[in-house]
Amino acid sequence: MAVKESKRKEKEAREILRLERAQARPGGRGYLLYLLLIVSVVYIADEVATQIGTQMQSVLAQAIFAPVYGPENAVARMSAWNALTYLGMGVAFLYKPLADHYGRKPFLVINTLGMGLGLLFMSLASNIPVYLLGALTTSLFTPHDMQVVYLMECAPAKHRAKLFFIIKAVATLGMMLIPLLRSIFMGAGIENWRFVILVPALIAFGAALFALIFIKETDIFVARRLEYLRRSEEEREQERQQKLREKNIEQAQGGFIPAMLFCLRSRQLRWLILSTGLLTSGMLMTMYYETTMAHGFALRLLEQGAALEQAKSAAAPFVTQALYLFPLGSAALQLVQGFMADKWGRKLTVAIMSVCSVAAFSLFFFGARLSWAPWLVGLLCGGAVGSYWAAGDISGSVMAAESTPTNLRSSVLTVRMLLSGVFTGAWMGGGILLVNTFGDASAGVVSIAFAVPGTIAGIVLLMLKARETKDTALETITGKE
């Protein structure tokens, strides 16, 4: 026992020395600027890794799943198989809280490398198992959003939402890489689709290397961790006894169970989790927009008697044109709402963006079917998806982070995703079932049918029950507010 205690003290002494060095390391002039630059590149890699499976959905389905299941149900069957990739998200929920103990930087690097590895597997896939390996690996490393924690902990409080959504908008514009690569490598066919996925994999590897070399641990984490490590054994024992008497989980140094208990005890987080879970009814819009677009543009050819595969191939260039404008529509909504959130408050901004999401998707759906100009269809589609994710970022990430003490922040964001994910899983499971029942062409209608009631309920709950968190100073949060 004495040997074990001695090793623990030695380990903590080494950690204190490492953290003191990190604390003394000057950021240098302009550090915040190049930190934001590197985080932006990481964010671009994350956005591309998250969206490329959707923006290449009909192509991947045609190349890998159609030979097995036929062209009419290739996307539906691919969605069903993709349900297995949520196992990766489940593992991620257990893995992400470690960042509250070991720091933000190691996991920022590891997650970015993992995204690149998943994309590499997908680019090499020639059958369903290898594709699923790539999708599973990607799903393991994309949910963490450690770049969001960096932004939350490094940005000045009064500019936090603005900086967050400026970076988010830049990352969204980075998704133009996908249609650009589609144009370069695919053209009017799909034969060279692998290179569209391989290039982002290489970018992710490069971003991880830059993060490893050029950025340091966040100051807030270093200060809070040092404060804990410097406590005497008597102080720690008093704290342990206090926890037993009062269940004082607010002082826990991260961990899944303390974060879960904190979420259940915090009235604010309970309502945020519930309202965000209802707002995720719009998730189907982010899953099926490329398929909705492809079937919409192909509709007139189908009505003229063309075969489905022929019609979808002919529609592919229109989809690529629309995808060029997708990031512009998405980034514009995300950029505007950052300023809105800092000026008018988080809750009102969530409500406005959620309504915009459903309205824009409905217009996009009809626009594709009526063969509107691809640039307009792409703008509407990007606006719908961008405002959906941005509303979720405010309620599920920004407001949750602004309601949680530093020592539990990363863990609580993980638990929040898990608990809200119960709703997400229900929406997605029901949607996938309906699309598999009625075929790929039903994806757009199913998406709208799910999004409308859930969005209304989520907005009402957020406005009535959650506390506004605008201008919160993160270092002052105790968890007892």
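Brief remarks on what is shown
- Compared with the rule-of-thumb size 2.2 N^0.38 Å for a compact globular protein, the stretch 361-439 has a Cα radius of gyration ratio of 1.49.
- Relative to the current alpha-carbon distance between Arg265 and Arg8, full extension at 0.36 nm per residue lengthens the span by 89.4 nm.
- With all pairs of separate Cα atoms included, the stretch 404-481 yields a Kirkwood hydrodynamic radius of 15.5 Å.
- Pairwise Cα inverse-distance average, inverted: Kirkwood Rh of the stretch 73-204 (Å): 16.5
- 0 to 90° range, to nearest 10: angle between helix 219-229 axis and the chain longest Cα axis: 40
- Per-residue Cβ neighbour rank within 10 angstrom, fewest leading, Cys381, Cys356, Cys263: Cys356, Cys263, Cys381
- Placing a pseudo-label 7 Å from each Cα along the Cα-to-Cβ vector at Ala24 and Ile128 gives an inter-label distance of 5.9 nm.
- Model label sites at Leu209 and Ser232, defined 7 Å from Cα along the beta-carbon direction, differ in position by 5.0 nm.
- In this structure, the residue pairs whose Cα-Cα separation is over 20 Å, taken from Lys158/Lys347; Lys7/Lys216; Lys9/Lys105, are Lys7/Lys216; Lys9/Lys105.
- Helix-derived mean residue ellipticity, 222 nm - over the chain, DSSP H n ≥ 4, -39500 (n - 2.57), to 500: -25000 deg cm²/dmol
- At 0.890 mPa s and 25 °C, Stokes D of the stretch 31-82 from Kirkwood alpha-carbon radius, µm² per second: 192
- With the cut-off at under 20 Å, measuring from each backbone N in the stretch 21-59 to a point 7 Å along the Cα-to-Cβ line of Ile184 picks out 41-57, 59.
- Rg and Dmax, both from the Cα atoms of the chain and both in Å, are 22.9, 82.
- Zone of Phe438's modelled label, taken as backbone nitrogen in the stretch 449-470 under 15 Å from a point 7 Å along Cα→Cβ: 449-453
- Two-decimal Rg to Rh for the stretch 34-134 - Kirkwood Rh, Cα set: 1.05
- Convex hull volume of the stretch 268-344 per residue (C-alpha atoms, cubic angstrom): 113
- Separation of the Ile16 and Trp81 label points, Cα + 7 Å toward Cβ, nm: 5.5
- Sequence-separation-based contact order of the stretch 361-481, relative, with Cα cut under 8 Å and 6+ spacing, percent: 34
- Kirkwood hydrodynamic radius (C-alpha pairs) into Stokes-Einstein, the stretch 316-415, 10 °C and 1.306 mPa s, D in µm²/s: 111
- With a cut-off of 11 Å between beta carbons, the residues surrounding Phe165 carry a summed charge of +1, where Lys and Arg count +1 and Asp and Glu -1.
- Acute angle (nearest 10 degrees) that the helix 283-303 long axis makes with the longest principal axis of the chain, alpha-carbon atoms: 10
- For the chain, the longest principal axis of the C-alpha atoms and the axis of helix 256-265 are separated by about 90°.
Every read-out reported here was derived from the displayed coordinates using simple, explicitly stated rules and does not represent laboratory data. Here the structure is a predicted model, which means the values were calculated and not measured. Backbone-built Cβ (ideal geometry, glycine too); neighbour counts: all protein chains shown.
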